[in-house]
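Here the structure comes first, spelled out in structure tokens, and everything after it is commentary.
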Amino acid sequence: MAPHAPISPQEAADRLAIRELIDAYAHCADRRDAEGQMALFTKDTRFLVFMDATATEPTQELHGREALAPVFDNLNTYRATTHFNGQSTVSLDGGRATGESYCIAHHISVDDSGQRTIMIASIRYLDTFAKHDGEWLFAERRLMVDWTETRPCTP
């Protein structure tokens, strides 16, 4: 592994703030805090969902922070979720940045008969970040589903 070039305190702070933004998104999702999740985005954000990461067109495309409410509310269809954030890369360019982060998302469902299932999704997020009034936000988030697995689950 090559040695890492020195970075300024401001770059270190920006990188930490972006990672905390990524983690806050997962935390809000798992706590069903749709308002908190929406607050992590710019007012004019774009959110694109690719249920098949190899597709050229998104399954769903939303514009504006307020349009995100139904997507985040949809998590209430699950009994529980846990999102584990993995590796991420970020490229800074002043008050803008781009990045890719990995997530393994676990979704527990219970049907009317009481049967539990778990759906596990391997997700990559392709992000564009913008710094507004000293705070990093998602300007665009592309949710790329690489694969899913659904199976019975016991408590």
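Residue 5 versus (1) among the hydrophobic types (A, V, I, L, M, F, W, C); (2) exposed (fewer than 11 other Cβ atoms within 10 Å of the Cβ); (3) touching a Gly at 6+ places or on another chain (Cβ under 9 Å): which is the lone unmet condition? In the conditions (1) among the hydrophobic types (A, V, I, L, M, F, W, C); (2) exposed (fewer than 11 other Cβ atoms within 10 Å of the Cβ); (3) touching a Gly at 6+ places or on another chain (Cβ under 9 Å), residue 5 misses (3) alone. Among the residues of region 129-155, those that are of a type outside the set (A, V, I, L, M, F, W, C) and surrounded by 17 or more Cβ atoms within 10 Å (Cβ to Cβ) comprise 131, 140, 141, 142. Against the definition (in a helix (DSSP H, G or I) and among the acidic types (Asp, Glu)), how does residue 127 come out, yes or no? No: the conditions fail for residue 127. Criterion applied to 97, 105 was being among the small types (Gly, Ala, Ser), assigned to a strand (DSSP E or B) and closer than 15 Å to residue 143 by Cα, and the one residue passing it is 105.
Could we say that residue 16 is surrounded by fewer than 18 Cβ atoms within 10 Å (Cβ to Cβ), hydrophobic (A, V, I, L, M, F, W, C) and touching a residue at least 60 places away in the same chain (Cβ under 8 Å) here? No; evaluated as a whole, the condition is false for this residue.
Look at (1) part of a strand (DSSP E or B); (2) open to solvent by less than 30 Å² (accessible area, probe 1.4 Å); (3) under 25 Å from residue 150 (Cα atoms) and you find that residue 75 fails only one, number (1).
Of the candidates 53, 26, the single residue that is within 30 Å of residue 117 (Cβ to Cβ), open to solvent by less than 70 Å² (accessible area, probe 1.4 Å), in contact with a His (Cβ under 6 Å, 6 or more places away or on another chain) and in contact (Cβ under 8 Å) with a residue 60 or more places away in the chain is 26. Among the residues making up region 56-70, none is surrounded by fewer than 17 Cβ atoms within 10 Å (Cβ to Cβ) and under 18 Å from residue 136 (Cβ atoms). Would you check which residues across region 92-107 are within 17 Å of the chain's Cα centre (by Cα) and either modelled with pLDDT under 95 or open to solvent by 30 Å² or more (accessible area, probe 1.4 Å) (or both) and list them? Result: 98, 100, 102, 104, 106.
The values are calculated or read from the model by the stated rules, or taken from the named source; none is laboratory data. Predicted, not measured: the structure shown is a model, and the values here were computed from it. Cβ sites come from the backbone with ideal geometry, for glycine too, and all protein chains shown count toward neighbours. For accessibility, only protein heavy atoms count, side chains too; no ligands or nucleic acids. Shrake-Rupley method; radii C 1.70, N 1.55, O 1.52, S 1.80 Å.
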